[in-house]
Every structure is written in C-alpha cells, then in structure tokens.
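The structure appears right after this line, and notes come after that.
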Amino acid sequence: MILYLIIAFVLLLILIIGIYLRVNCGCIIINRTILKYVGSSANVKIPKKVASIGTHAFAENNRIKTVSIFRGIYISNYAFFNCKNLEKIDLIGEMTAIGTINSGAFSGCSSLKEVPLVLVEVGKEVLSLILCKL
C-alpha cells in the first residue's frame, strides 16, 4: 500500500513539474527562459515565446552549428560559452535586432563566422569578440 502511495505521489509531482517545465526545441524552458539545451540538433531555432537564454544554457555544446533567434531576446552571460562549432546566428522577425547580449555570451565560439551587428545593448566582452573577428 505504501508503495502505491509513493508511486502516486511521484506521478503527481511529475505532473505538477511538467506544468512549469516544458521541453521544446530540445530546450528546458521555465518562465520563458531557456535553462538548458538538451537536444541533439545542429540547427537550433529558439521558440518565439522565449524571452531569454540563461547562463550556460548552451555552453560546451559542440553539436550546434546555427542558432535562429527571434528579435528582442536577452542572452545571458556565457549562454553559448565554448560552443566551438557554432558558425552562425540567424535573426528572425520584423526587427532584426537581438535585445541584449551579455559579457562572455559567445566566448570560445571559435567557428562563429556571422554575428548580428544590429544590437540594442551589448556587454563589453561581446564587442571585443566582434572586433577581434573582423
């Protein structure tokens, strides 16, 4: 009997967590923020409903080659840190501007060939990365 209660409790807990925790595009998303990329695709399209990409959300992922991002998104510190095969960031939407890119967001992305130049706000380390690439 106790085993059935434990199983029922665990299932209920999973159901409750599932309401707040969604896996979409291979991303774990809570409150419109990508916490972690758990997918295996080389080309990632961030869902339109996402408002921000969390710290280290894609860090150390060498499978990713392109990331498509909707306008106005907030990219946290080290979000794509050391994604050595990341080559391109595509901007989707009417206004082709990323909202904010924080320091170190693309540090160690040695294959990054294209960086969107229309930005609303940029961390100082991001600007030095862009200037070093030019």
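I'm checking my understanding of the structure. Among residues of the range 68-82 that are closer than 14 Å to residue 43 by Cα and surrounded by 17 or more Cβ atoms within 10 Å (Cβ to Cβ), which one is farthest from the chain's Cα centre (by Cα)? Break it down into steps so the answer makes sense when it comes.
Filtering the range 68-82 down to residues closer than 14 Å to residue 43 by Cα leaves 68-69, 80.
When the remaining residues are screened for being surrounded by 17 or more Cβ atoms within 10 Å (Cβ to Cβ), the result is 69, 80.
Numbers: 69: 9, 80: 7 Å.
Across the range 68-82, the extreme among qualifying residues is 69.
For (1) in a strand (DSSP E or B); (2) within 15 Å of residue 84 (Cα to Cα); (3) not aromatic (Phe, Trp, Tyr), each residue gets a yes or a no:
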residue	(1), (2), (3)
28	yes, no, yes
35	yes, no, yes
50	no, no, yes
59	no, yes, yes
63	no, yes, yes
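Counting just the residues of the range 83-108 that are within 17 Å of residue 41 (Cα to Cα) and not aliphatic (A, V, I, L, M), which one comes out modelled with the lowest pLDDT? Selected residue: 90.
Kindly establish whether residue 21 is at pLDDT below 90, touching a strand residue (DSSP E or B) at 6+ places or on another chain (Cβ under 8 Å) and loosely packed, with under 15 Cβ neighbours inside 10 Å. Show your work before the answer.
Details: at pLDDT below 90: yes; touching a strand residue (DSSP E or B) at 6+ places or on another chain (Cβ under 8 Å): yes; loosely packed, with under 15 Cβ neighbours inside 10 Å: yes.
Yes, satisfied.
The values are calculated or read from the model by the stated rules, or taken from the named source; none is laboratory data. On a predicted model such as this, the values are computed, not experimentally measured, just so you know. Note that each Cβ is placed from the backbone with ideal geometry, even for glycine, and that neighbours are counted across all protein chains shown.
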